[in-house]
1. Loop-only chymotrypsin sites (Phe, Trp or Tyr not before Pro) in segment 38-109, please: DSSP not H, G, I, E or B, and at most 14 other Cβ atoms within 10 Å.
2. Kindly express, to the nearest 10 degrees and within the range 0 to 90, the angle between helix 141-153's C-alpha long axis and the longest C-alpha principal axis of the chain.
3. How tilted is helix 2-48 with respect to the longest principal axis of the chain? Cα atoms for both, answer in degrees (0 to 90, nearest 10).
4. Work out the FRET efficiency for THR107 and ILE249 from their Cβ-Cβ distance, taking R0 = 35 Å, and round it to the nearest 0.05.
5. With axes computed from alpha carbons, what is the tilt in degrees of helix 155-173 against the longest principal axis of the chain, rounded to the nearest 10 within 0 to 90?
6. Could you point to the residue in ALA104, VAL206, GLY133 farthest towards the positive end of the chain's charge dipole, with +1 and -1 charges on the Cβ of Lys/Arg and Asp/Glu respectively?
7. I want the local charge near THR95. Using Cβ-Cβ distances under 10 Å, sum +1 for each Lys or Arg and -1 for each Asp or Glu among the other residues.
8. Given segment 154-215, what whole percent of its Cα pairs are spread farther than 13 Å?
Amino acid sequence: MQHETSEPQTRPRFGCLAGDLAAATISASVVAPAVTIIDRAIVEKSSFNQPLFRGLHAHAMVALKRPAPFVFHRPFGIAWTLYAATYSVANGADTVGRALQPSAVGTIGFLSTTLVNVPLAVWKDLSFAQAYGIKPSTTSKNQISAMQAASVRNPAVLRAATAIFVVRDGVTIFGSFTLAPRLSAAHPQAKPVITQLTVLVLTQLVATPIHLLGLDLYTRQKRVPFSDRLVQSQRYLPSSIVLRCVRIIPAFGVGCLLNLELRSFFHARL
């Protein structure tokens, strides 16, 4: 008798989790191409002054003309994994939290999403810096491989760059999960979606300089004065801020909204 009553209760829950996973997978697939192209262009601009719009155009054309190599290239897989995992955990935490502890669903979602998103985002940024931080046209393949291997084997650089990227993500997470909801509550006449996107864009004014410093530390591993590193890393700050603000739209705007809509769609049919 107990088994008969528990089975109908578990079916909708597992069905909703399947919908959560499907929504996250589709949303990540939509977001990952734009994020991959933009983040690569930012790394190349910061590392060897590759013009941003030239890089964006070139990488977008490659993605359009040769979609299979682009999709199955490791950087795309890393970006896709980041957002698929983030959306999946956010969705699943909300579903499970509402079923088990509705009063704590916000805290559960925030902590679980942060624990997944931050290390994956750092992994993505370090991987992009390793893959795209060296100019191919002026460096042989053997030199590139040696430099990439050296960067992987340098634990001091890895720890410092990781710490900087964690601080950067902390700024974005604070804006998304703390500042934006408070502003929405203080100004109920404003649409939450507009507030969320506005705050996330404004956080890039703080997060982008930190991001560029982390990239400079990872790509220039020689000993240099901190003041020189700071000046060098911020040379392209205005254009990088603009691009990272634009990047927020697919990652946290289109992706999050699409994920929510698909999740609601699947939940209504499961």
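1. Listed in order of number, the matching sites are PHE72.
2. The angle comes out near 60 degrees.
3. 20 degrees
4. 0.80
5. 50 degrees
6. The residue sitting most towards the positive pole is GLY133.
7. +1
8. 63 percent
Taken together, the values in this text are just the output of simple stated rules run on the coordinates, not laboratory data. This is a predicted model, so every value here is computed, not measured. Note: ideal-geometry Cβ built from the backbone for every residue, glycine included; neighbour counts use all protein chains shown.
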